[in-house]
Amino acid sequence: MSQGPAILEVQTPMDPGPEEETFDFRPLSVEMEAQVTRVQAVARGRKARSEALKNKTEEQRQMLFAAQQTSELRRNFFREVDEVLGVSKAVYNSSAGLQEAHGYLQRHNIQQLLESLLARAALERPPDLREFLAEVLMEMIKSRGQPSMGLFTEQDLSTMFDMWDDLKTGTIPVYKVAESLTALNCSVGREKEAVEAVVGADCSQVDRETFMKIVRSELEMVYSSPTV
């Protein structure tokens, strides 16, 4: 009895199971390594300060807190220098001319003036920008010494209050006033103090009149009497 041809049995691979989680072990970039190092340094610093505080008196803690606040103010100062002048801390410290220029910009509110001019130009879209800016500057010179809220009007402040007053109760949480000052870029760093100076530390709600009074006053401190 003859045998038929041999049949070659081919085994197919088994169906793959659920995908297993894979990990990317590629080396970190230089930028990522730097970020990780900074995060680790901050974490270690916080832990060390926390441990150190446990063994200090209340007076020593207050002194340390004051020193930390001073350090934070210095960091903010040099961050502002970098944003306004575009130079590093080292370059700023080594140049008396840059320090004088920065002082001039601060004393005369030049950055605030430029931001106000650009905002008005973007809002009104004048056909002749040069002529428009010249007219606005002349108006500022003529109105020097008079209260001004810059681009904002009483109606703007009233509308802002309405945005916060969702339930139309006629009052809003007092912290919304501070948030408004932050959004308007005035009373920077002292928003809460500016509000409490008018309503007190225990106030929880303010009405439209009080809201507008506080915001108007702080805006006028920013925009009034620019030196141009």
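Every number here is computed from the coordinates shown, using simple stated rules; none is lab data. In this text the structure is predicted, and so the values were computed from the model without any measurement. With ideal geometry, Cβ positions are generated from the backbone for all residues, glycine too; neighbour counts draw on all protein chains shown.
For this structure, a couple of remarks:
- In terms of its C-alpha gyration tensor, segment 93-210 comes out oblate, because a/c is 1.5 or above while a/b does not outweigh b/c.
- Each of Glu135 and Ala122 was given a label point 7 Å from its Cα along the Cα-to-Cβ line. The distance between the two points is 2.1 nm.
- Segment 154-222 shape via C-alpha gyration tensor axes, a/c threshold 1.5: oblate
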